[in-house]
There are 4 protein chains.
Amino acid sequence: MDPTHTTTRDIVFGDCDPAGIVYYPNIYAWIDGTFHHYLLQFGGHQVVCEAVGSVGFGLFETRARYERALRIGDRLSIEMRIVEWARKTVTVAYRGVVDGHVAFEGTEIRGFFEMRDGRMRAGEMTPLKTFLEREAAS
Amino acid sequence: MDPTHTTTRDIVFGDCDPAGIVYYPNIYAWIDGTFHHYLLQFGGHQVVCEAVGSVGFGLFETRARYERALRIGDRLSIEMRIVEWARKTVTVAYRGVVDGHVAFEGTEIRGFFEMRDGRMRAGEMTPLKTFLEREAAS
Amino acid sequence: MDPTHTTTRDIVFGDCDPAGIVYYPNIYAWIDGTFHHYLLQFGGHQVVCEAVGSVGFGLFETRARYERALRIGDRLSIEMRIVEWARKTVTVAYRGVVDGHVAFEGTEIRGFFEMRDGRMRAGEMTPLKTFLEREAAS
Amino acid sequence: MDPTHTTTRDIVFGDCDPAGIVYYPNIYAWIDGTFHHYLLQFGGHQVVCEAVGSVGFGLFETRARYERALRIGDRLSIEMRIVEWARKTVTVAYRGVVDGHVAFEGTEIRGFFEMRDGRMRAGEMTPLKTFLEREAAS
């Protein structure tokens with residue numbers, strides 16, 4: 001894929017479990033972190049939320065498939081790509097790559113929440129999509 | 001569902017993100033922890049592995065769907081149930097419940113690995129299933 | 001010591017590192033979590049902050065000494081005790097105990113912050129001490 | 001100080017707590033990670049342990065003092081320096097720096113364990129010191 005954004009990290013001892021391979025909840029921390037690292041170029045989560053009148057991103061669903069174990073010393077690239085804008089969700093795909101081999105691939109389905117009639121509700125995605133495209137072009 | 005095992009925890013400040021709701025990678029740590037807590041009654045991961053000639057459990061795939069935000073002070077019950085034994089995988093379903101409401105549900109597809117011809121390979125599930133059933137009955 | 005509050009947890013696989021013992025940053029997560037669990041009886045961090053006109057607790061300093069390795073299956077009790085109220089700090093001591101043996105002991109020095117002249121500053125501890133004592137007595 | 005090794009990371013949303021500042025156990029994960037990142041140039045924890053006949057590093061004590069809150073978007077440099085070799089411990093000092101300002105400083109006192117008479121015991125530091133100096137020079 002042609003990634004929207006990529007982060008890189010070296011796997012260290014503390015990332016791993018007693019089997020010596022990466023503890024899988026860390027993989028979700030890293031894909032979530034890659035998404036938020038992508039937002040930093042637009043000012044970060046808070047600035048993006050304010051620009052589109054949202055109270056925050058939230059997750060509807062996440063998943064990951066593990067293809068190769070990650071071990072201490074591996075240099076991991078995490079590539080993210082926005083793959084679908086639906087009316088009230090955005091789907092973000094991830095791929096973790098070490099030495100040209102896919103270690104995992106994952107997906108997050110995110111919403112953008114707003115307060116309406118005193119309740120948190122999923123908002124329309126159009127303002128966010130427009131904001132990100134305009135900022136990326138500028 | 002009729003859970004195989006249940007753990008409980010109170011959500012605290014440090015479990016949450018700047019939006020004040022649980023940081024989702026923690027949910028994976030808690031479902032994984034519930035599975036391993038279930039194994040403790042059989043002696044824990046190491047004893048189970050040795051009993052069936054395995055080098056360790058591994059994950060093929062995980063997923064979760066978030067229905068309600070978890071907040072500070074929520075008392076969360078995490079129910080797990082083994083829902084399918086396939087030839088080389090076991091599927092474990094989870095449900096997070098607060099005050100009778102489902103906060104999330106998730107799934108892990110796990111394998112049991114063995115060394116064969118110098119490589120890690122997914123082993124047959126029958127020895128594990130037999131071991132757990134025999135131990136649970138004793 | 002006579003603990004102000006105690007929490008308990010069973011150590012699981014995912015709490016441990018490749019050496020098979022607890023990854024030490026988790027110990028800090030658990031002592032911080034014990035402090036915030038203690039606050040839950042007063043309504044939690046947010047309610048306490050509002051009651052005393054603070055924007056939040058913050059840490060000045062933390063430390064821990066490790067006496068025995070924690071392993072999978074250990075049932076850990078974390079005892080906390082408020083050991084000193086100074087003008088602008090409160091010192092909280094912790095002890096982790098497994099089967100009557102001390103596994104670690106630690107300390108947090110916490111402040112309570114307020115906004116003054118547009119800056120975050122450490123506030124006086126008296127309102128907090130008074131609030132906690134009054135609530136504990138009621 | 002003249003650091004032995006430095007790592008860098010950008011603070012993201014998920015690193016922070018509901019007060020919007022970094023959750024302090026993460027700081028310990030990052031300093032521990034910096035030490036293990038330093039070991040990668042020598043082949044990593046496992047290679048170093050084997051070279052000096054040890055079963056693993058362990059911690060005797062850790063501490064940190066927080067000077068400035070870390071927030072989303074901060075680019076944090078973590079500098080480490082070995083400050084003291086004692087007979088059976090090595091003391092490692094850390095400093096977290098953002099834009100030239102110290103955000104925290106911390107210390108780890110580490111031992112190197114070996115099996116002797118069937119028990120884990122703290123070993124002599126000389127073999128490790130000699131190994132690291134020889135490797136660094138080569």
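The values are calculated or read from the model by the stated rules, or taken from the named source; none is laboratory data. All figures in this text were calculated on a predicted structure; none of them were measured in a lab. Note: ideal-geometry Cβ built from the backbone for every residue, glycine included; neighbour counts use all protein chains shown. Note: areas computed on protein heavy atoms with side chains; ligands, DNA, RNA excluded. Shrake-Rupley method; radii C 1.70, N 1.55, O 1.52, S 1.80 Å.
A compact table of results
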| quantity | calculated |
| --- | --- |
| Residue check for residue C:91: open to solvent by less than 70 Å² (accessible area, probe 1.4 Å), within 12 Å of chain D (Cβ to nearest Cβ), of a type in the set (Val, Ile, Thr) and touching a Ser or Thr at 6+ places or on another chain (Cβ under 8 Å) | no |
| Filter pass, residue C:73 being away from chain D (no Cβ under 12 Å) and touching a strand residue (DSSP E or B) at 6+ places or on another chain (Cβ under 8 Å) | yes |
| Conditions (1) open to solvent by less than 20 Å² (accessible area, probe 1.4 Å); (2) in contact with a Phe, Trp or Tyr (Cβ under 9 Å, 6 or more places away or on another chain): number failed by residue B:11 | (2) |
| Check on residue A:82, within 13 Å of chain B (Cβ to nearest Cβ), open to solvent by 10 Å² or more (accessible area, probe 1.4 Å) and in a strand (DSSP E or B) | no |
| Members of the range A:101-138 found to be over 19 Å from the mean Cα position of the chain (by Cα), within 25 Å of residue B:21 (Cα to Cα) and of a type in the set (Lys, Arg), listed by number | A:116, A:119, A:121 |
| Restricting the range D:41-60 to residues that are open to solvent by 60 Å² or more (accessible area, probe 1.4 Å) and not hydrophobic (A, V, I, L, M, F, W, C), the residue that is nearest to the other protein chains (Cβ to nearest Cβ) | D:46 |
| Residues that are under 30 Å from residue B:75 (Cα atoms), open to solvent by less than 60 Å² (accessible area, probe 1.4 Å) and part of a helix (DSSP H, G or I), drawn from the range B:108-138 | B:132 |
| Odd one out for residue C:123, checked against (1) out of contact with any Gly (no Cβ under 6 Å at 6 or more places or on another chain); (2) within 9 Å of chain D (Cβ to nearest Cβ); (3) touching a residue at least 60 places away in the same chain (Cβ under 8 Å) | (2) |
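Residues are listed down the side, and each one gets a yes or a no for (1) modelled with pLDDT under 95; (2) out of contact with any Lys or Arg (no Cβ under 9 Å at 6 or more places or on another chain); (3) farther than 21 Å from residue D:75 by Cα:
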{"site": "A:13", "(1), (2), (3)": "no, yes, yes"}
{"site": "A:68", "(1), (2), (3)": "yes, yes, yes"}
{"site": "A:75", "(1), (2), (3)": "no, no, no"}
{"site": "A:81", "(1), (2), (3)": "no, no, yes"}
{"site": "A:92", "(1), (2), (3)": "no, no, yes"}
{"site": "A:106", "(1), (2), (3)": "no, no, yes"}
